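Engineer: Pasting in a structure now, in structure tokens, and then I'll have a few things to ask.
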Amino acid sequence: MSGVKLDLIDRKILAELQADGRMTNVELASRVGISAPPCLRRVRTLEEQGYIKGYHASVNARSLGFEVQVFAMVGLQSQAEADLVAFEGLCKAWSLVRECHMLNGEVDFILKCVAPDLSTFQRFLTESLTSAPNVASVKTSLVIRDAKDAPGVPFDILEARLAKNA
């Protein structure tokens, strides 16, 4: 994937789909300035090459009753590869964990969790997360409000960087 060079049209397609993945191929083609058939071919190629990982709806968690969002910083007793993979497997199985990122530094993992209420999250914290094998420490931070929740990457920065290096 990294060996493939994306041209301006490919980058425009990615930016447009990142902003609105529901648009029709005809609308997308119009926005990026090409006809529909080559646009569809390019989208399929971007999917096959892994630039487009998937399509989904951005769901409002609070409107569905998930009032609690928490970031949990997890420290493990061992950072051996087998232990890291085992913990990642647990995170994939826990439905309250929506994101799991391994970090470099003081904390081994940061988890983004959602729950309908504090008692549900507390039960998960005490019965699952802190009691999981190899977990040495967990520090949590409750989200008060979201100031920004932008998906993907900043294409304006990418384009400025490419223009500077051209």
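The values are calculated or read from the model by the stated rules, or taken from the named source; none is laboratory data. Please read these numbers as outputs of a predicted model, since none were measured by experiment. For neighbour counting, all protein chains shown are included, and Cβ atoms are generated from backbone atoms with ideal geometry for every residue, glycine included. Heads up: the accessible areas ignore ligands, DNA and RNA and are worked out on the full protein's heavy atoms, side chains in. Shrake-Rupley method; radii C 1.70, N 1.55, O 1.52, S 1.80 Å.
Engineer: Report yes if Val59 is over 30 Å from Lys5 (Cβ atoms), assigned to a loop (DSSP other than H, G, I, E, B), at pLDDT 95 or above and β-branched (Val, Ile, Thr), otherwise no. Before you say what the answer is, go through the steps one by one.
Structural biologist: Details: over 30 Å from Lys5 (Cβ atoms): yes; assigned to a loop (DSSP other than H, G, I, E, B): yes; at pLDDT 95 or above: no; β-branched (Val, Ile, Thr): yes.
Considered against the rule, which asks whether it is over 30 Å from Lys5 (Cβ atoms), assigned to a loop (DSSP other than H, G, I, E, B), at pLDDT 95 or above and β-branched (Val, Ile, Thr), Val59 comes out as no.
Engineer: For Arg31, state whether it is open to solvent by 60 Å² or more (accessible area, probe 1.4 Å), touching a residue at least 24 places away in the same chain (Cβ under 8 Å), part of a helix (DSSP H, G or I) and within 30 Å of Leu6 (Cβ to Cβ). Walk me through how you get there before you give the answer.
Structural biologist: Values: open to solvent by 60 Å² or more (accessible area, probe 1.4 Å): yes; touching a residue at least 24 places away in the same chain (Cβ under 8 Å): no; part of a helix (DSSP H, G or I): yes; within 30 Å of Leu6 (Cβ to Cβ): yes.
Spelling it out, it is not the case that Arg31 is open to solvent by 60 Å² or more (accessible area, probe 1.4 Å), touching a residue at least 24 places away in the same chain (Cβ under 8 Å), part of a helix (DSSP H, G or I) and within 30 Å of Leu6 (Cβ to Cβ).
Engineer: It is to be established whether one or more residues within the stretch 66-73 are touching a residue at least 40 places away in the same chain (Cβ under 8 Å), open to solvent by less than 50 Å² (accessible area, probe 1.4 Å), part of a helix (DSSP H, G or I) and not charged (D, E, K, R). Break it down into steps so the answer makes sense when it comes.
Structural biologist: From the stretch 66-73, those touching a residue at least 40 places away in the same chain (Cβ under 8 Å) are 66-73; that's our starting set.
Pick out the ones that are also open to solvent by less than 50 Å² (accessible area, probe 1.4 Å) and you get 68-70, 72-73.
Cutting the leftovers down to part of a helix (DSSP H, G or I) gives us none.
Among the residues of the stretch 66-73, not one is touching a residue at least 40 places away in the same chain (Cβ under 8 Å), open to solvent by less than 50 Å² (accessible area, probe 1.4 Å), part of a helix (DSSP H, G or I) and not charged (D, E, K, R), which makes the answer no.
Engineer: Sticking with this structure for a sec: Is it fair to say Val43 is buried (at least 17 other Cβ atoms within 10 Å of the Cβ), out of contact with any Lys or Arg (no Cβ under 7 Å at 6 or more places or on another chain) and touching a residue at least 40 places away in the same chain (Cβ under 8 Å)? Spell out the reasoning first.
Structural biologist: Values: buried (at least 17 other Cβ atoms within 10 Å of the Cβ): yes; out of contact with any Lys or Arg (no Cβ under 7 Å at 6 or more places or on another chain): yes; touching a residue at least 40 places away in the same chain (Cβ under 8 Å): no.
When the stated conditions are applied, Val43 does not pass them.
Engineer: Could you grab me the full set of residues in the stretch 95-115 that are part of a loop (DSSP other than H, G, I, E, B) and open to solvent by 40 Å² or more (accessible area, probe 1.4 Å)? Lay out the reasoning, then the answer.
Structural biologist: Of the residues in the stretch 95-115, the ones part of a loop (DSSP other than H, G, I, E, B) are 95-96, 103-108.
Residues satisfying the conditions are Ser95, Leu103, Asn104, Gly105, Glu106.
Engineer: Turning to a different aspect of this structure: Based on this model, can you work out whether Ala57 counts as under 18 Å from the mean Cα position of the chain (by Cα), surrounded by fewer than 10 Cβ atoms within 10 Å (Cβ to Cβ), of a type outside the set (Val, Ile, Thr) and more than 18 Å from Ile9 (Cβ to Cβ)?
Structural biologist: Values: under 18 Å from the mean Cα position of the chain (by Cα): yes; surrounded by fewer than 10 Cβ atoms within 10 Å (Cβ to Cβ): yes; of a type outside the set (Val, Ile, Thr): yes; more than 18 Å from Ile9 (Cβ to Cβ): yes.
Yes, satisfied.
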